[in-house]
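What follows draws every value from the coordinates through simple rules; no lab data is involved. As the structure is a prediction and not an experimental result, all values here were calculated from the model. We place every Cβ from the backbone using ideal geometry, glycine too, and count neighbours over all the protein chains shown.
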Amino acid sequence: MSYSTYLTLIVPALITLVVTYIGALFVNDYMKEAGVTFIEKNKKKVVHASAGGVAVAFGFAIGMMTYIFGASFGLYKPAATIDILFAVVLSVVLIAFVGFIDDINVKSSSVKTTGMSDVRKGLKQWQKPLLTFIGAIPLMAINAGTSTIGFPILNVLNLGIIYPLVIIPLAVIFAANAFNLLGGFDGIISGTGLIASLGLFAYSVIWGTYTGALVTAVLSAAIFIFFLFNKYPIKILAGDSFTYGVGAALVASMIVGNMEIFGIVVFAPWILEFLFHLRGKFKTTDLGIPQSNGTMKPPYGKKIYSWTHIIMNIKPMKEWQVSQYMWGIEVLFVALAFALKIFVH
C-alpha cells in the first residue's frame, strides 16, 4: 500500500479512538443513571454500567463514515467499495442494537439464568439467532465477499449462490452468538477481541486486502479504547451490545476482506467455547467462584464447560490472571493462523 493509502486507514482509526473514548464516558454515566447495570459477583457484588458495546458500535460507525465522507467529497480515490462499507456498518449496528435490547432486559429481582442467579434475564435462546439474522441481511443483499474460497491442500472451492444466501447468514449468526459466550471476567472479551482484530488487520495489510484492513483498523481502534475501560479493574461491562456487535464485525471483516479460512483459525477459541457450552446445554456459566484469598474457583470442579474452567483448573489464580491466560490462548491461535497461511497454503 502507498503512503496516502495508509493515511486513509490511520485517519478513520484516529477519529474512532476519540469518538469511542467520548462515547465510553457517556455510556458509563448514562447507563448507571438509567439502571442498565451489572452486578459483578467476582468482586463482592460491585455494580458497573453495562452495555459498553454501544460506545464501540458508535465509534466504529463514525470511523467508517469518516472514510466514506472523504471518498464521497473527493478527498481521495476510494480503495474500498462504498456500498460494501455501508453494508458492514449497518450489519454491525443492527446486531449491536439486538445486543443492547438484551442488555436493557434488567429485572428488579434476581432470576435464574446460566447456572447462577442474576438481575439480567436477557433474550430467550431461540430469539438470539433469529434476531441476529437481521444483521446478516445487509451483507447478503449486496452479495458481499467472494464465493470462491481457497482451502489449504484442497485448493479453490466455488460455493456459488450458497455463499451469500447460506454461508454469510450462518457465519454472522454463529459468530455473534459464539463471541457472546466468553465474557465473565474483566477484560477477557475485549482483550481477546482486540487480539483477533489486530491479527486480521495484520493479515489484511500483508496480503493486500484493503477493505479488510480498513474495517479491522477501525474496529481495533474502537476495541482498544473500550479495553481501557473494561480491563481489570473494570469500569464498564461489555454487555451483549459489545459481544454481538464485535462478533459480527469480526466475521464481516473476514467476508469483505476475503480471509475466511484465516479467520476461522483466529476465531477457533470461540468455536471451541460454543462446543463447551453445547456440552452443558447452554445452561452453564464461564464465571468462577470468588475465594477469600482473591482467587477464583472453577464452578463445576473438574468438569469443563468453558475455556475459563480449563484455566482455573491449572492453578489457583486471580480474575485478571484468568483473562491474561485467555489472551495468551488467542495469541497462539492467531500465530497458528499465520503459520498455516505461510507454510501450508
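How much length would be gained if the chain were fully extended between Glu33 and Leu278, taking 0.36 nm per residue of separation minus their Cα-Cα distance, in nm to one decimal?
On the way: separation 245, 0.36 × 245 = 88.20 nm, distance 3.62 nm.
Length gained between Glu33 and Leu278: 84.6 nm.
Ignoring trypsin sites (Lys or Arg not before Pro) that are buried or in helix or strand per DSSP, and keeping those with at most 11 other beta carbon atoms within 10 Å, what is the longest stretch of the chain between them? Working shown, then result.
On the way: sites that count: Lys44, Lys45, Lys124, Lys281, Lys302.
It works out to 125-280.
Determine, for each peptide in 210-217, 74-81, 18-25, the mean count of other beta carbons within 10 angstrom over its residues, then list the peptides with the highest first.
Working: 210-217: 26.6, 74-81: 14.2, 18-25: 19.5.
Peptide ranking by packing, descending: 210-217, 18-25, 74-81.
How many nm is it between the label spots at Ile82 and Ile68, if each spot is 7 Å from the Cα in line with the beta carbon?
Reported label-point gap for Ile82 and Ile68 is 1.0 nm.
If contacts are Cα pairs under 8 angstrom and at least 6 residues apart, what is the relative contact order of the chain in percent? The partial results should precede the final answer.
On the way: 611 pairs, mean separation 76.5, N = 345.
It comes to 22 percent, rounded to a whole number.
Ile342 to Tyr300: extension gain in nm, 0.36 nm per residue of separation minus the Cα-Cα distance? If you can, show how the numbers build up before the last one.
Numbers: separation 42, 0.36 × 42 = 15.12 nm, distance 3.98 nm.
Extra length available between Ile342 and Tyr300 comes to 11.1 nm.
Run the quick spin-label model on Thr5 and Gln125: label points 7 Å from Cα toward the beta carbon, then report their separation in nm to one decimal.
With each label placed 7 Å out from Cα toward Cβ, I get 4.7 nm.
Per DSSP H run of n ≥ 4, the term is -39500 (n - 2.57); total these for the chain, divide by its residue number, and report the mean residue ellipticity at 222 nm rounded to 500 deg cm²/dmol. Don't jump to the answer; show the numbers that get you there.
Values: 12 runs with 212 residues, N = 345.
Computed ellipticity for the chain at 222 nm equals -20500 deg cm²/dmol.
Using each residue's phi in region 232-237, evaluate 6.51 cos²θ - 1.76 cosθ + 1.60 at θ = phi - 60° and report the 3J(HN,Hα) Karplus result to the nearest Hz, with x for Gly and Pro.
With the stated coefficients, region 232-237 comes to 5, x, 5, 10, 10, 7 Hz.
Can you list, largest first and rounded to whole Å, the semi-axes you get for the chain by taking the square root of 5 times each eigenvalue of its Cα gyration tensor? Please list the in-between numbers first.
On the way: eigenvalues 203, 104, 71 Å².
Ellipsoid semi-axes (Å, largest first): 32, 23, 19.
Just order 136-142, 161-167, 61-67 by mean Cβ neighbour count inside 10 Å, highest at the front, would you?
Numbers: 136-142: 19.9, 161-167: 15.0, 61-67: 22.3.
The densest-packed peptide leads the list: 61-67, 136-142, 161-167.
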